[in-house]
1. What number, rounded to the nearest 500 deg cm²/dmol, is the helix-based mean residue ellipticity at 222 nm of the chain, given -39500 (n - 2.57) per DSSP H run of at least four residues and division by all its residues?
2. What percent does the relative contact order of the chain come to when contacts are Cα pairs within less than 8 Å and at least six residues apart?
3. Taking GluC sites (Glu not before Pro) as exposed when DSSP calls them loop (any state but H, G, I, E, B) and at most 16 other Cβ atoms lie within 10 Å, what is the longest stretch of the chain free of them, the sites themselves excluded?
4. Based on the alpha-carbon gyration tensor of the stretch 106-165, what equivalent-ellipsoid semi-axes (square roots of 5 times the eigenvalues) come out, in whole Å, largest first?
5. Cα convex hull of the stretch 1-65: how many Å³ per residue?
6. I'd like to check one number: the per residue accessible area of the stretch 88-242, probe 1.4 Å, reported in Å² as a whole number.
7. How far, in nm, would the chain grow between LEU3 and LEU42 when pulled straight, counting 0.36 nm per residue and subtracting the alpha carbon separation?
8. Can you check how the C-alpha radius of gyration of the stretch 153-242 compares to 2.2 N^0.38 Å, as a plain ratio?
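The values are calculated or read from the model by the stated rules, or taken from the named source; none is laboratory data. Every value quoted in this text rests on a predicted model; they were computed, and no experiment measured them. Positions of Cβ are backbone-derived with ideal geometry, glycine not excepted, and every protein chain shown enters the neighbour counts. Keep in mind that these areas ignore ligands, DNA and RNA; they rest on the heavy atoms of the full protein, side chains included. Shrake-Rupley method; radii C 1.70, N 1.55, O 1.52, S 1.80 Å.
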Amino acid sequence: MTLPLIGITSIRKEGEPGQTHWYSTPFSYIHAVQRAGGMPVLIPPVYPAEKLPALLQRLDGVLLIGGGDIDPNLYGGEPHPRVYDIQAERDSLEITLVHLALETSTPLLGICRGAQVMNVALGGTLYSDIADQKPGALKHDYYPDFPRNTLAHAVEIEAQSRLAQMLGGTHFEVNSLHHQGISKVAPSLRVTAHAPDGLVEAVEVEGHPFAIGVQWHPEWLQEHAPQRALFSAFIRAASQRK
């Protein structure tokens, strides 16, 4: 049986001057894809947009991982001192991947920043900093001083959504490792989950084989069967791509 190839985005890391620089992806994403039956393939943010259609032809699915912030200029956002680690080449790559995945019906899973990239790519906006810009917001930035699998708050999932079907329910406790989040939702996205403070926690593209973004980090919650089920559904969709 041929394992579906899953392209996983990566982050530029810079060493000290004169030392090694590298592109990296946390083990947690790679292991979650492997456990669900996929073959991880890392995508460094070095490809110009015109090269990416050829890459998508070879991949069966795309996973957009978490990490630093999207440039606020890309969504008309307000500058904020907590915005960090903007990487223009990564923004460009991931936004292009979203458009290509939708155009080619390639299964797409966005996690944390990945869900935010989906929203920005399709015309939505973000809170540059939730705590400062969303009145009544819960604490969502349970990092770096908490275990990454800390269950921070509940999410309520729309009962008739594909996400609820995949996870097998509508109420789950999740982790929360972000200071930004979706504000104005892109027109082509359907909101399928919220946090108790109303913050968008999941979106999906209707009519697509699999295009889902979640704001929490299921790759760090693999001890919970519903979070494993999300990756299993993603890999299943990738294995069925024609």
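1. -8000 deg cm²/dmol
2. This gives 21 percent for the chain.
3. Answer from the scan: 15-157.
4. Three semi-axes, in Å: 22, 18, 14.
5. With only Cα atoms used, the stretch 1-65 gives 98 Å³ per residue.
6. Per-residue value: 38 Å².
7. 12.5 nm
8. 1.05
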